[in-house]
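Quick notes on the structure that follows.
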Amino acid sequence: MSNRISRRHWLAVFLAGSTAPVWALNATAKPAADGPPAAPVEPVADNYFGTEVVDPYRWMEARPRSERWDVWLKGQGDYARRQLDRLPPRASMLRRIEHYTGDLDQLAMATPAGGKLFLLMRPAGANSVQLFVRDTPDSPRRLLLDPSVGAAAGAPTRALDWHIPSPTGRHVAYGLSEGGSERSTLYICDVASGKSTEITRVISRGAGWSADGSGFFSYRLRADAVPGAPDFGMGGACWLHRLGTDPSSDQKVFSSGEGPDFETMEDDAPFVDGAPGSSWVLGRHLLNGNDLAQLYIARADDLLAGRAQWRKLAGRSAGVQMALLHGDSVYILAHGRSDKGEVVKVDAVSGDFNSGKVVLPASAQVIDFMAAARDGVYVHDITEGLGGLRRIDYQDRVERVQLTRTGAVWSIATAVDEDGAWFHMDELTWPAESFHVDAARLAARQVMLVRAPSFKTNDFVTTRLHAPARDGASIALEILHRKSTRLNGRNPLLLIAYGAYGTIMDPGFQPAKLAFLDAGGVLVYAHVRGGGEQGEDWHRAGMKATKPNSWRDVIDCAEHLVKLRWTGKGHMALWGTSAGGIVAGRAITERPELFSAVIGEVGVFNTLRFELTSNGPGNDAEFGTVKKEDEFKALLAMDSYHAVRDGVRYPAALIITGANDLRVEPWVPGKFAARLQAATTSGKQVLLRVDYDAGHFSNSRKAANALSADILSFVLAHTI
């Protein structure tokens, strides 16, 4: 089986942009005479452990969606569209973004399998992400999957959600969804002919192939799962489809809650996969569909025969991040015993995590990922945002791979029957390059999988520094700017932060944002607590009761940037996406005068109610639950919606949602936008942008470009 990882937010790469200033910088946005539709106020009071919390817009949560919600949301979206189209920089910005994204081949992943190389990319000029194959690594690529082919005119945009080549390279399992919903239908493609066969419409995610490539494991939700319901993600199971058989005969092989000594998890996604050359399979119980919480092992033959005897390898306290098989060994990457992570080798026959051998001890580097090749296990580590690679050979020797550049390392991919590893590198100021590790020399060499862009980035530089937090913590900042930028206190500055789930924010090269720099702007990434940039302790310092550290780190970074004269009052905007909406929303509600604008993209603004959404169960491990008094208090403290106060001069706000978003349902950003519109006295715009052909992510180049133009134009209009 191939192993690979892509940058967690690699779709952000599609927000490619310009390198030429083509608008005047003395225009500012003004509220239109007509306003957005007002939201009816219908207060609902809840009592949590003696604390009454009043919710004025609870009606927006109605299931099924009410007609008045649909009417209000459309009115908001239409109003936002009119206002965004009137922004002075918007038309010129979009033209330049289209120019640069059309020129750029955007490669997300290169996966070896069966001597072939599979390339996930958006070719220059294409609207959708496509899958190509090279029959040998050096042969020309040919198109294998294009989700737009066969779509009816006017139908929702289709997207390739995931793909996993078989170990032989003869087949690819993949998921296809519409309108950004991520409700994947499972298909299997014959690589030689390009023909695809639908396996199931039950919402699916890929798990892995059997060792010989004769069958595919997929996680499927319950057939009666209702999008929007809190139990939407509960009760799923892992199924085996054998190639050439009727999908109706597919076999359920691993279920929610299955395995000895199972530790109860409200939201449990069971996955199974194997590996060529190993007679074992791993059973993984994922929390909230992403984080490996409990790990089991069984003999592959027993599983295929329907009599698997699962044995537990690791429980939740181990902090397992990932695990892979090689022969009779299991390699486990875990953070439970060490802040920065360690790799433990476990005997598949009789061992477990606690009895395993530490083959890569914790060190100053954060261990982020690993993948098994024929010559060893390749391990990705990170130091201050810069990536490195090490190899653990099968005699447990550890050596470092020689890299030719310094930057972010991502999308590491291997095959267990091939030596070396494929990976990509980029930096804020230079576009992605592809590399392959020569296993004999343990050195990376560049390979040209796509053509280089025609534009140059020589005028842009990255400055790295640290900002002091109020409690003495040191927050890493990456500042992207033009060489000619002066520290005059007047630069439009866009501050971006996330700070959740232990995620390492790895921004990489994003050409769209170069347009902001050409307009005199400065772009800053703040690696605040709650993320994983400095290890698991850094993560734990920004979750549940410690979550205020995350947004106060943002505030402290903003003040430090003002002190250093990178920007000044009236010139700073803040951008938070998804769980990053917490830091954005709470920073502007705690210090509204510090920011001129805020971008809240598909943000988690109503944490008190989030556990009642489709994606809510399972997030209690990160944010908390209202069922426990101490965690209720933490959730209320981080709830941006309930932190809004009447009569406050809030910054301009662009709140963004996708109508088909199952991760952060549209009513979550909707309630926050409505509350800001009703409360603010600043007279600045508060817009709710709605994309009816998107979910949590933009679904096409056209949509991503439009979103990028809206965001950057809005920021410029309110910070110049």
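Readers should treat all values here as calculations from the given coordinates under stated rules, not as data from a laboratory. These figures come from a predicted structure and were not determined experimentally. Note that we place each Cβ from the backbone using ideal geometry, even for glycine, and neighbour counts take in every protein chain shown.
Could you give the angle, 0 to 90 degrees to the nearest 10, between helix 667-679's Cα long axis and the longest principal axis of the Cα atoms of the chain? For helix 667-679, the angle is close to 20 degrees. With respect to the chain, whose longest principal axis is taken over its alpha-carbon atoms, helix 90-102 is tilted by about 20°. What is the angle, in °, between the Cα long axis of helix 580-590 and the longest principal axis of the Cα atoms in the chain? Nearest 10 is fine, range 0 to 90. Compared with the principal axis, the helix lies near 30 degrees.
Compared with the direct C-alpha span, the chain from ARG170 to GLU67 gains 32.3 nm at full extension, assuming 0.36 nm per residue.
Per residue, what volume in Å³ does the convex hull of the Cα atoms of the stretch 562-720 enclose? Present the calculation step by step, with values, prior to reporting the outcome.
Numbers: hull volume 19.0 nm³, N = 159.
Per residue, the Cα convex hull of the stretch 562-720 comes to 119 Å³.
Between the C-alpha center of the stretch 341-417 and that of the stretch 156-204 there is a gap of 30 Å. You can think of it this way: the chain between SER454 and THR245 has 70.4 nm of extra reach, that is 0.36 nm per residue less the Cα-Cα gap.
Candidate cross-link partners of LYS252 among the lysines, defined by an alpha-carbon separation under 22 Å and a same-chain spacing of 8 or more, comprise LYS312.
The phi torsions of the stretch 542-559, fed into the Karplus equation with coefficients 6.51, -1.76 and 1.60 and a -60° offset, translate into couplings of x, 9, 6, 5, 8, 4, x, 4, 4, 7, 6, 4, 4, 4, 5, 5, 4, 5 Hz, rounded to whole numbers, with Gly and Pro shown as x.
Suppose the chain between ALA443 and THR463 were pulled fully straight at 0.36 nm per residue; how much longer would it get relative to their current alpha carbon spacing? Intermediate values should be presented prior to the final figure.
Details: separation 20, 0.36 × 20 = 7.20 nm, distance 2.79 nm.
Separation in residues times 0.36 nm, less the Cα-Cα distance, equals 4.4 nm.
Between ASP419 and ASP646, how high is the FRET efficiency from 1/(1 + (r/R0)^6) when r is the Cβ-Cβ distance and R₀ = 60 Å? Nearest 0.05. It comes out at approximately 0.40.
With the biggest extent put first, the Cα atoms of the chain measure 69, 58, 57 Å across the principal axes. Selection among PHE132, SER355, GLY175 by position relative to the dipole of the chain gives PHE132 as farthest towards the positive end (Cβ unit charges, Cα centre). In summary, the lysines within cross-link reach of LYS116, defined as a Cα separation below 23 angstrom excluding same-chain residues under 8 places away, comprise LYS195.
Please go through the residue pairs LYS345/LYS627; LYS74/LYS684; LYS357/LYS628; LYS547/LYS671; LYS627/LYS684 and name each one whose alpha carbons sit more than 29 Å apart in this structure.
Details: LYS345/LYS627 38 Å; LYS74/LYS684 21 Å; LYS357/LYS628 38 Å; LYS547/LYS671 21 Å; LYS627/LYS684 38 Å.
Among LYS345/LYS627; LYS74/LYS684; LYS357/LYS628; LYS547/LYS671; LYS627/LYS684, the Cα-Cα distance tops 29 Å for LYS345/LYS627; LYS357/LYS628; LYS627/LYS684.
Amide H to amide H distances under 5 Å link MET322 with LEU333, where only residues 5 or more positions off or on other chains count and H is placed in the peptide plane.
Given Cα pairs under 8 Å that are at least 6 residues apart, what percent is the relative contact order of the chain?
Values: 1863 pairs, mean separation 97.4, N = 720.
Relative contact order, the chain: 14 percent.
Positive end of the dipole of the chain (Cβ unit charges, origin at the Cα centre): among ALA421, GLN76, GLN395, the Cα lying farthest that way belongs to GLN76.
Note on the stretch 230-362: with charges restricted to the Cβ of Lys and Arg (+1) and Asp and Glu (-1), its dipole about the Cα centre is near 420 debye. Per the Debye formula on identical point scatterers at the alpha carbon atoms of the stretch 345-389, with no solvent, log10 I(q)/I(0) at q = 0.19, 0.28, 0.29 Å⁻¹ is -0.72, -1.05, -1.07. Taking the charge dipole of the stretch 230-362 about its Cα centre, with +1 at Lys and Arg Cβ atoms and -1 at Asp and Glu Cβ atoms, the residue from TRP280, TRP310, VAL346 reaching farthest to the positive side is VAL346. Overall, the ratio between the Cα radius of gyration of the stretch 230-362 and 2.2 N^0.38 Å, rounded to two decimals, is 1.06. This ranking places VAL409, VAL644 by how few other beta-carbon atoms lie within 10 Å of each, fewest first, which gives VAL644, VAL409.
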